[in-house]
Amino acid sequence: MARENKIVLIGSGSQYTEFFLQEIFKYEEFRGCTVALVDRRPERLEEVLNIGRKLNEIMDWDVEFIGSPDRRDMLPGAKVVYMFAAVNYMHAWARELEICQKHGLNPYEFHTTGPAGLSMAMRHVPLALDIAADMEELCPNAWLVLDNNPLARIQAAVTRHSKTKVVGYCYGHELVQMALEQILGMTDREESTKLADPVEREFMCPADNITLRQAGVNHMMWILDVRDKKTGEDLYPKLKSILDSVPLSDIPAGYRYCTEVYKLFGLFGSPADSHVADYCWSSDKGNQERSGLYPFPVKDWFGGRDQNAWAQIAAQITGKESAQAFIKQRRTGWMSTQISRYMFGGDPTYFPAFNAVNGGTIENLSPDLIVETCGVIGPDYVAQTKIGRLPDAAAAICELNGRIALLAADATATGDKTLALQSLLVDPFVHSETVAKNILEDILQENKQYDTRF
């Protein structure tokens, strides 16, 4: 008999697959489901399948693990499809930084905005649209979960150029929650959350002592509300008092520019310094020196894993004790797996942050923008919580960047060079017709080696 719930992970060599493997053995909703892995490298695929099957046998979880280098083999019957795939990420990302710096731009994270975001979209939008087309044919009722960058541009392209249901996830909400817990001195973990420790790689998840309400566009969110999770106390006054009084050097690294943004705009920026600085065109060399802003060191990116890395993980799982030790770990990004869980479950469930078409969720942003807010997720159901209005200055930053994302999405979905150029011409960081034209030519030349629509 066919299994009711099926998840497909496209790009299963990603680090996110490891998080996924840990989470599905924590929750009963995943018992008896099918997990289909897709990886263009068969040897790496076999290593990841080996981990999943070994864990399933040890934990007796009745999960069927299957895999193929061809996603079309795996898509039929899927309820949820994750796109973890990244196109030659490290090499191309490094080149995009070089191109930006060649033309006098100094991006910090350069995932989602500006020329680098346009270049990334050239490589990833065609892949996402090809996946969406296959889903329309092979699993038309399934949801596509986007978990890679440039998230808003990819999601806008899928929304505007396909019929596939899509939701975007970014774990930035967890990163900023951890930072605010540190600033507020609320990092003690309840006994119930200590089951997720220890974490040996990457980042811990938040201690879950506070709740946040934030809204904006991906990688440029605004913290609207901060509360004590137990008592409901409004903690924003305390947070503001700390930010106004302590030296910038006492703020956790990676959140000093977000603190400066708070002092300028009255709201704390999210998810972290390098992303926020790529959206706020007022940043300058003074901010860089005070906040420690610098371009992300691409060589330190930990997103993909080769065959040997997966084999080392598999070798550490030798019995029930080591399997349980692996499963109980939890890192930022674990909420991505919960999207499937809630879609398999019963009633719609609160979700702290996801990306969807605005449609009036944030009243003073255009309805067609891709925005990020809290909401609920359930079976075949995604709905954002109404936010109301952002302060005008905060909305202005989101509106312009959101519209640039739509231009870039349409350009890379259709191969329209005029739209691509326009997305650069209206970018405040570029502010030069000559620079915009020269950057576009460099980007197009660099991406000739990839499957783009230009």
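The values are calculated or read from the model by the stated rules, or taken from the named source; none is laboratory data. Since we're looking at a predicted model, the values are computed, not measured. Quick reminder, even Gly has a Cβ in these numbers, built from the backbone with ideal geometry, and neighbours come from all protein chains shown. Please note that ligands, DNA and RNA were not included when accessible areas were found on the heavy atoms of the full protein model with its side chains. Shrake-Rupley method; radii C 1.70, N 1.55, O 1.52, S 1.80 Å.
If you rank His91, His111, His103 by how much accessible surface each has, with a 1.4 Å probe, what is the order from largest down?
His91, His103, His111
Surface analysis of the chain yields an accessible area of 40 Å² per residue, using protein heavy atoms and a 1.4 Å probe. Our estimate of slack between Glu321 and Tyr350, defined as 0.36 nm per intervening residue step minus the Cα-Cα distance, is 7.2 nm. Neighbours of Arg341, meaning other residues whose beta-carbon lies under 10 angstrom from its beta-carbon, give a summed charge of -2 when Lys and Arg score +1 and Asp and Glu score -1.
Summing charges over neighbours of Ser14, with a neighbour being any other residue whose Cβ is under 11 Å away from its Cβ, gives -1 when K and R count +1 and D and E count -1. Placing a label point 7 Å from the Cα of Glu64 along the Cα-to-Cβ direction, the residues of the range 1-26 with a backbone N closer than 17 Å are 1-9. Between amide H atoms placed 1.01 Å from N, distances below 5 Å from Gly378 occur with Thr349, all of them 5 or more places distant or on a separate chain.
Ranked by the mean number of other Cβ atoms within 10 Å per residue, highest first, peptides 217-224, 44-51 order as 217-224, 44-51. The H on the amide N of Gln214, modeled in the peptide plane, is under 5 Å from the matching H of Leu224, Cys374, each at least 5 residues off or on a different chain. Place a point 7 Å from the Cα of Leu248 along the Cα-to-Cβ direction; which residues of the range 292-312 have their backbone N under 19 Å from it? So the set is 292-296.
With both residues required to sit in the chain, DSSP beta bridges show an antiparallel share near 55%. Determine the relative contact order of the chain: mean sequence separation of Cα pairs under 8 Å and six or more apart, normalised by residue count, in whole percent. It rounds to 19 percent for the chain. One chain, two ends: Glu28 and His103. Fully extended at 0.36 nm per residue, the span grows by 21.7 nm beyond their Cα-Cα distance. Highest average first, the peptides 93-102, 140-149, 405-414 ordered by how many other beta carbon atoms sit within 10 Å of their residues are 405-414, 140-149, 93-102. For the chain, the fraction of 1.4 Å probe accessible surface lying on carbon and sulfur atoms is 49 percent. Peptide packing: for 171-182, 228-239, 431-442, the average count of neighbouring Cβ atoms within 10 Å per residue gives the ranking 171-182, 431-442, 228-239, highest mean first.
Computing FRET efficiency as 1/(1 + (r/R0)^6) for Lys229 and Asp368, where r is the C-beta to C-beta distance and R0 is 25 Å, gives about 0.15.
For Cys280, the solvent-accessible surface computed with a 1.4 Å probe is close to 0 Å², ligands and nucleic acids excluded. Here Tyr255 sits with roughly 20 square angstrom of accessible surface, probe radius 1.4 Å. For the listed residue pairs Lys299/Lys328; Lys165/Lys320; Lys240/Lys328; Lys6/Lys328; Lys299/Lys448; Lys229/Lys263, the alpha carbons are over 32 angstrom apart in Lys165/Lys320; Lys240/Lys328.
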